[in-house]
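To keep things clear, I will list the structure first and then write my remarks on it.
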Amino acid sequence: MKKFFTCLVSAIICLNNLQNLFAQVNVQDSLALVDLYNSTDGQNWYHHNNWLTKSPVSTWDGILVNNRKVEVIFLPSNGLTGKISSSIGKLSELRALDLHENFLKGSIPTSIGNLVNLTYLSLYYNFLTDSIPSSIGNLVNLQELILYVNDLSGSIPSSISNLVNLSQLFLDDNHLSGSIPSSLGNLKNLAYLYLDDNELRGVIPSSIANLVNLLILDFSHNHLSGNIPGLFGNLQNLTNLYLNNNQLSGKIPYSIGNLVYLRSLYLNNNKLIGDIPFSIGKLVNLEFLFLNNNQLTGNIPVSIRNAKFLFLVDLSHNQLSGSIPSSIGDLVSVEELNLSNNN
């Protein structure tokens with residue numbers, strides 16, 4: 001009888017602790033956090049104060065609670081290992097999920113598409129594998145999607161085009177393949193688009209020219225082919241354009257001169273032909289110009305003198321001919337000028 005009474009007391013104490021815990025936060029949210037802790041070796045996290053104790057969930061490291069619902073999980077650089085549990089999708093009011101710079105492996109769970117209130121998702125610098133789940137297109141309130149430096153593969157899901165509030169898309173340094181979905185042109189609020197250092201093929205869709213709020217576009221270090229779309233001249237807010245280290249062909253479009261805020265233009269290591277367009281002289285804010293390792297012909301345009309902020313210029317390894325224009329002496333800011341291996 002005494003033993004039964006002791007067990008009963010223990011059970012009551014345990015139940016009271018759970019009630020205290022769940023009184024702070026919705027039960028479903030609490031259980032989802034417990035799953036996250038257990039599936040990522042929580043006891044060996046660098047910081048895990050108050051986790052799985054009877055302290056209020058709002059006092060647990062990296063957790064923000066509002067109206068008994070978990071709104072923020074912020075556990076970057078915290079030694080998380082293992083996989084992201086699928087129960088993460090039960091946190092219906094989650095606004096921000098930041099697990100970057102950890103040691104997470106496995107897939108991004110498809111249940112992440114249930115987090116329809118999410119505005120910020122950061123999983124970069126992990127070891128995540130497999131495809132980006134198409135369910136990510138359900139996150140229509142998302143403003144920043146940051147997945148760079150993982151081992152993600154497969155194609156970019158076209159459902160990403162549903163994320164019309166997205167301002168930052170970082171998918172670089174993965175193993176993504178296939179083509180760039182033309183539907184990315186729907187993301188009119190994008191300011192930063194990084195798809196570099198992947199295995200993407202095919203042409204650059206002209207619909208990218210719809211992204212008139214873009215500041216930085218980086219498609220470098222892929223296997224892209226075809227022409228640089230002439231409509232890129234519509235991207236008049238662009239400050240940095242990186243298309244280097246692909247297999248792009250055709251001419252540099254004359255409309256490139258419309259990008260008057262451009263500071264960096266990297267078109268090197270492609271198969272571009274024809275003249276350097278005279279309109280290059282309209283890029284009065286240009287600091288870095290890399291056109292090397294192409295098949296460009298003709299003269300160096302005298303209009304280059306207008307780009308008075310040029311700092312580094314590389315036109316080497318082309319088939320440029322004629323004389324070096326004296327106007328190049330007006331480029332007083334140039335620290336390095338490489339015209340080698342031309343005619």
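Summary of computed values
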{"read-out": "Lysines whose Cα lies under 28 Å from that of Lys308, excluding same-chain neighbours fewer than 8 positions away", "value": "Lys251, Lys271, Lys282"}
{"read-out": "Percentage relative contact order, the chain, counting C-alpha pairs under 8 Å, at least six apart", "value": "7"}
{"read-out": "Computed over the stretch 193-251: relative contact order in percent, which uses C-alpha pairs under 8 Å that are six or more apart", "value": "39"}
{"read-out": "Label-to-label distance, nm, for residues given as Ser58 and Gln319 (7 Å Cα→Cβ offset)", "value": "7.1"}
{"read-out": "Point-to-point label distance, Arg305-Ser92, nm (Cα→Cβ direction, 7 Å offset)", "value": "6.9"}
{"read-out": "Relative exposure of His48, His223, judged by other C-beta atoms within 10 Å (fewest first)", "value": "His223, His48"}
{"read-out": "Cα Rg over Rh - the stretch 115-207, Kirkwood", "value": "0.92"}
{"read-out": "Residue order, fewest to most beta carbons within 10 Å, for Asp29, Asp197", "value": "Asp197, Asp29"}
{"read-out": "Tilt relative to the chain, helix 2-24 - C-alpha long axis, 0 to 90 degrees, to 10", "value": "40"}
{"read-out": "Structure-based [θ]222 nm, the chain - -39500 (n - 2.57) summed over DSSP H runs of at least 4, per residue, nearest 500", "value": "-3500 deg cm²/dmol"}
{"read-out": "Val203 paired with Ser326, simple spin-label distance in nm, labels 7 Å along Cα-to-beta-carbon", "value": "4.4"}
{"read-out": "Antiparallel content of DSSP bridges confined to the chain, in %, to 5", "value": "5"}
{"read-out": "Whole-Å distance, taken between Cα centres, linking the stretch 281-298 and the stretch 232-249", "value": "12"}
{"read-out": "The chain: angle of helix 27-39 to the longest principal axis, Cα-based, in degrees nearest 10", "value": "70"}
{"read-out": "Where a label projected 7 Å from the Cα of Phe127 along Cα→Cβ would reach, residues of the stretch 75-95 with amide N under 14 Å", "value": "79-84"}
{"read-out": "Sorted by Cβ neighbour density within 10 Å, fewest at the top, the residues Ser333, Ser303", "value": "Ser333, Ser303"}
{"read-out": "Sites Gln43 and Thr119 - FRET efficiency at Förster radius 45 Å, r taken between beta-carbons, to 0.05", "value": "0.90"}
{"read-out": "Alpha carbon centroid spacing (whole Å) that separates the stretch 133-154 from the stretch 33-91", "value": "21"}
{"read-out": "Bins of 20 Å from zero: percent of alpha-carbon pairs in the chain", "value": "27, 42, 23, 7, 1, 0"}
{"read-out": "Additional length obtainable on full extension of the chain from Tyr261 to Lys188, 0.36 nm per residue less Cα span", "value": "24.4 nm"}
{"read-out": "Length released on extending from Thr110 to Val72, taking residue separation times 0.36 nm less the Cα-Cα span", "value": "11.7 nm"}
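Read-outs throughout are calculated quantities, based only on the coordinates presented, and are distinct from any laboratory measurement. Bear in mind that the values here come from a model prediction, so they are computed numbers and not experimental data. Reconstructed Cβ throughout: ideal geometry from the backbone, glycine too, with neighbour counts over all protein chains shown.
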